[in-house]
């Protein structure tokens, strides 16, 4: 993937919920599943980047920061669960080594174990299952993509973040 960047003004988001990390996940689950993410123009969205290759992780973080997003990074599933619990991302971007089925399962485990609602989109980089430049929604707000440049990834992220309701 060519990670060339163009500057753009991102949409801004906030979550319509707050939660204590000390409260058991089972008690928070019903509240979190019913809570909707709400877009608000003055708060940048948080994207959690889960990437096991340091150089790629750093490059994606730099490009997303340049686009105005807040970025949390994780090097593996375990690190991502901890980060998602504390950062409450608006979108999770997963690019890990392994078979596509294993990576998709790991992405879903991150959402479940971090107690992140299904309204938070997950984007999984997938190089074996789909053609270059393609995207495929596979349910539960999980999307496979194989962008051939950063602009394609940017377009997907923008579209997914646009689907979040606007605060009134």
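The values are calculated or read from the model by the stated rules, or taken from the named source; none is laboratory data. Remember, predicted model here, so these are calculated numbers, not experimental data. Note: ideal-geometry Cβ built from the backbone for every residue, glycine included; neighbour counts use all protein chains shown.
Before moving on, here are some points about what is shown:
- Inside region 76-93, residues that are closer than 20 Å to residue 143 by Cα and in contact with a helix residue (DSSP H, G or I) (Cβ under 9 Å, 6 or more places away or on another chain) make up a count of 10.
- Residue within region 68-84 that is touching a residue at least 12 places away in the same chain (Cβ under 8 Å), under 16 Å from residue 156 (Cα atoms), touching a strand residue (DSSP E or B) at 6+ places or on another chain (Cβ under 7 Å) and not in a strand (DSSP E or B) present: yes
- Residues of region 95-115 that are in contact (Cβ under 8 Å) with a residue 24 or more places away in the chain, over 19 Å from residue 57 (Cα atoms), under 14 Å from the mean Cα position of the chain (by Cα) and in a helix (DSSP H, G or I): 108, 109, 111.
- Of the residues contained in region 39-62, none is found to be part of a helix (DSSP H, G or I), modelled with pLDDT of 90 or more and touching a helix residue (DSSP H, G or I) at 6+ places or on another chain (Cβ under 7 Å).
- Residue ID - surrounded by the fewest Cβ atoms within 10 Å (Cβ to Cβ), chosen from residues in region 126-168 that are at pLDDT below 70 and touching a helix residue (DSSP H, G or I) at 6+ places or on another chain (Cβ under 7 Å): 128
- Residue 121 vs. criteria in contact with a helix residue (DSSP H, G or I) (Cβ under 9 Å, 6 or more places away or on another chain), crowded, with 18+ Cβ neighbours inside 10 Å, closer than 22 Å to residue 67 by Cβ and at pLDDT below 85: no
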